[in-house]
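The values are calculated or read from the model by the stated rules, or taken from the named source; none is laboratory data. None of these values were measured; they are calculated from a predicted model. All Cβ positions, even for glycine, are placed from backbone atoms using ideal geometry, and neighbour counts span all protein chains on display. Ligands, DNA and RNA are stripped out before the accessible areas are found, and what is left, the full protein with its side chains, is counted by its heavy atoms. Shrake-Rupley method; radii C 1.70, N 1.55, O 1.52, S 1.80 Å.
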Amino acid sequence: MKASVFYGKNDIRFEEVDKPDISDKEILIQMKACGLCGTDIHKITEELVPAGSVLGHEYAGEVVAVGKEVSEFRPGDRVTGGIHVPCFTCEQCSRGHYTLCPEFKKTNIHPGGFAEYIKLPEEHVKHLLYKIPDGMSYSKASLAEPVACCIHGQKAVGIHAGDRVLVMGAGPIGLIHSQLLKNKLVKEVVITDVSDHRLNHAHEFGADVTINAAEKNLETYLEEQNHPGFNVIIIAAGVSALLPQAMNVLKRGGTVICFSPFTMKPSVEIDASMFFHDEKSIVGTYSVSPYEFEEAILAIQKGVINTEALITHVMPLSNLGKAIELTQEKTENVLKIVLKNE
Ligand SMILES: [Zn+2]
Ligand SMILES: [Zn+2]
């Protein structure tokens with residue numbers, strides 16, 4: 001079989017790799033659609049994974065073989081799922097931090113999503129594989145993972161109907177957040193970004209107000225509007241300097257959700273008096289647990305997520321290198337790229 005294999009940031013090869021064998025409790029799927037995630041782009045452009053790696057985790061496909069002991073799925077089933085599975089019994093799992101489980105990152109799909117066939121190990125088959133509803137395309141179903149990640153993130157804080165929410169970053173993740181928020185009947189969703197291309201799309205995804213942060217200072221804007229500040233702020237852009245700014249425009253009692261790795265310049269300065277006197281908080285959230293997938297599939301099925309507008313590019317699996325290039329060209333109107341294997 002073939003896979004798009006990473007060798008360097010400008011060296012992705014569509015080459016022959018071993019087709020995985022499955023044991024009695026495993027499943028082999030033919031990959032049909034796999035979304036290109038911001039974390040894949042980051043790992044490739046910053047060369048953070050070893051040469052020979054196959055990335056991709058937002059997969060959807062058709063079951064082509066099942067082990068003797070698999071009874072829940074059969075060949076022909078259309079499925080989607082996630083990449084890491086918690087143990088459900090350790091200290092972190094017992095406290096609801098499934099994504100911090102020591103077993104979580106040890107579990108994986110093989111060789112990765114950007115391959116013609118993918119092996120799903122026993123724990124994935126048991127806990128992290130879902131049938132795609134009739135009528136839902138593979139491309140749409142491949143969005144289940146990023147949507148589930150956003151649902152996971154929003155669970156970290158109580159979002160109330162009537163809240164004013166700020167989303168910093170109008171990439172696919174910020175736009176998914178925006179739509180999930182709209183469905184919670186928040187009073188207002190404001191989205192900031194530095195790209196007009198992205199902001200132009202944001203109204204299609206539930207944004208009430210968009211602000212180009214390169215052109216307009218957020219604090220000045222709020223002052224001009226006599227705006228009371230935000231109950232919840234979601235940072236969906238990898239710029240750590242956004243955190244102190246978010247704390248400044250957060251309402252008393254509000255919460256900032258950090259939905260970004262902030263690996264570049266991770267140290268920032270925050271006025272610490274805001275925690276006690278103003279009851280402001282900051283929460284971090286990482287990845288997704290098996291408990292968010294069904295909700296994500298429903299959100300896609302019921303049209304909460306505007307998948308048509310979100311997927312701007314569909315390309316063949318062999319074009320991963322080209323897809324990465326596209327994301328680096330600021331002129332191109334890229335939101336979500338889905339790689340297809342047909
Ligand atoms: Zn992802
Ligand atoms: Zn665990």
Of all residues in the range 88-140, count the ones that are of a type in the set (A, V, I, L, M) and within 19 Å of S287 (Cβ to Cβ).
-> 6
Of these, H97, H110, which one is under 22 Å from P261 (Cα atoms), modelled with pLDDT of 95 or more, more than 16 Å from ligand 1 (Cβ to nearest atom) and open to solvent by 70 Å² or more (accessible area, probe 1.4 Å)?
-> H97
Inside the range 40-60, can you point out the residues that are away from ligand 1 (no atom under 16 Å from the Cβ) and either surrounded by 13 or more Cβ atoms within 10 Å (Cβ to Cβ) or of a type in the set (S, T, N, Q) (or both)?
-> E47
Output for Cβ contacts, cut-off 8 Å, separation at least six or different chains, first residue part of a helix (DSSP H, G or I) in the range 290-316, second open to solvent by 80 Å² or more (accessible area, probe 1.4 Å), reads E292/K155; A299/N183; A309/E204
For L326, which of the numbered conditions (1) in contact (Cβ under 8 Å) with a residue 24 or more places away in the chain; (2) open to solvent by less than 30 Å² (accessible area, probe 1.4 Å) fails to hold?
-> (1)
Being within 24 Å of T99 (Cβ to Cβ), at pLDDT 95 or above, buried (at least 16 other Cβ atoms within 10 Å of the Cβ) and not β-branched (V, I, T) narrows it down to one of L250, L181, so name that one.
-> L181
Subset of the range 68-85 [open to solvent by 10 Å² or more (accessible area, probe 1.4 Å) and part of a loop (DSSP other than H, G, I, E, B)] | K68, E69, V70, S71, E72, F73, R74, P75, G76, D77, I83, H84
What residue, among those in the range 18-39 that are of a type outside the set (V, I, T) and within 16 Å of ligand 1 (Cβ to nearest atom), is surrounded by the fewest Cβ atoms within 10 Å (Cβ to Cβ)?
-> G38
Residue match in the range 96-107 (condition: outside any helix (DSSP H, G or I) and away from ligand 2 (no atom under 11 Å from the Cβ)) | no
Need at least 3 residues that are in contact with a helix residue (DSSP H, G or I) (Cβ under 6 Å, 6 or more places away or on another chain) and away from ligand 2 (no atom under 16 Å from the Cβ) per element, so show me which strands (runs of 3 or more DSSP E) inside the range 1-47 make the cut, counting only ones lying wholly within it.
-> 27-35
Quick check: anything in the range 261-274 crowded, with 22+ Cβ neighbours inside 10 Å, among the hydrophobic types (A, V, I, L, M, F, W, C), outside any helix (DSSP H, G or I) and in contact with a helix residue (DSSP H, G or I) (Cβ under 8 Å, 6 or more places away or on another chain)?
-> no
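Identify all residues within the range 203-235 that are within 25 Å of the chain's Cα centre (by Cα) and open to solvent by 20 Å² or more (accessible area, probe 1.4 Å); write none if there are none.
Hits for the range 203-235 are H203, E204, D208, V209, T210, A213, A214, N231.
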Before we move on, is K155 within 15 Å of the chain's Cα centre (by Cα) and open to solvent by 20 Å² or more (accessible area, probe 1.4 Å)?
-> yes
Kindly indicate whether K119 is touching a His at 6+ places or on another chain (Cβ under 6 Å) and either open to solvent by 10 Å² or more (accessible area, probe 1.4 Å) or small (G, A, S) (or both).
-> yes
